[in-house]
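In what follows, a structure is listed as structure tokens, so that the remarks can point back to it.
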Amino acid sequence: MLNKWWQLAFKDTQTVRLKWLWLSLAALVLDFATKQMAQHFLTFAQPVYVLPLFDLTLLYNKGAAFSFLASESGWQRWFFTVIALSVSSVMTVWLMKLKANEKWLAAALALVIGGAMGNLYDRIAYGHVVDFIHLHWDEHYFPAFNIADSAITLGAMMLLIDSLIFSSSKHSQ
């Protein structure tokens, strides 16, 4: 029964690509759950040792990547909200227009959309993004990040690979 409904709902060839949004939802749910656990179990700015290169540290980021614009007066919250909504909308339309065999690209777009929505939720709900993954080498710390940032980064890397490797093979055919 559910299978028949699924086939009817996704009969349109453009809409078939929207089924990739399950990956966006998975990234969003995993991001939300881990951020909730970080806020519940961690104390702000107090690192918890996990491995020699990895701590869990609850931090809040009012800016974007690497705390870009974090020290501004608050307008950046809405600026990054508009960017996240715009990029996610454009990528969803792009996703709808993919061919059925463009699964790599569909997964890449879905990951970026899910990550963007995860950080968007934080921005709207809290006014900042919750970060808790903290990598370091000796005393040199990489900026803290979260699952949403990881999904965006992985999706962006997949988009780059698609444009450099897969797109060139498409053009040579």
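Any read-out appearing in this document is the output of simple, stated calculations on the displayed coordinates, not a laboratory observation. None of the values given here were measured: they were computed from a predicted structure. All Cβ positions, glycine included, derive from the backbone under ideal geometry; neighbour counts span all protein chains shown.
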Exposure-ranked with fewest Cβ neighbours within 10 Å first, LEU164, LEU18, LEU111 stand as LEU164, LEU18, LEU111
So, with points 7 Å from each Cα along the Cβ direction, the ALA33-TYR141 label distance in nm works out to 2.8 nm
Describe numerically, in nm with one decimal, the distance between label points set 7 Å from Cα along Cα→Cβ at LYS103 and at VAL90. 2.8 nm
Ranked by Cβ crowding within 10 angstrom, fewest neighbours first, how are ILE133, ILE152 ordered? ILE133, ILE152
Spatially near lysine pairs across the stretch 15-172, Cα under 29 Å, sequence gap of 8 or more or different chains: 10
Packing-based exposure ordering (other Cβ within 10 Å, fewest first) of ILE124, ILE147: ILE124, ILE147
Could you state the number of Å between the C-alpha centres of the stretch 102-132 and the stretch 45-60? 22 Å
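For the stretch 15-172, would you read off the P(r) tail past 26 Å as a percentage of all alpha carbon pairs? Don't skip to the answer; put the middle values down first.
On the way: 4059 of 12403 pairs.
The share of Cα pairs beyond 26 Å in the stretch 15-172 comes to 33 percent.
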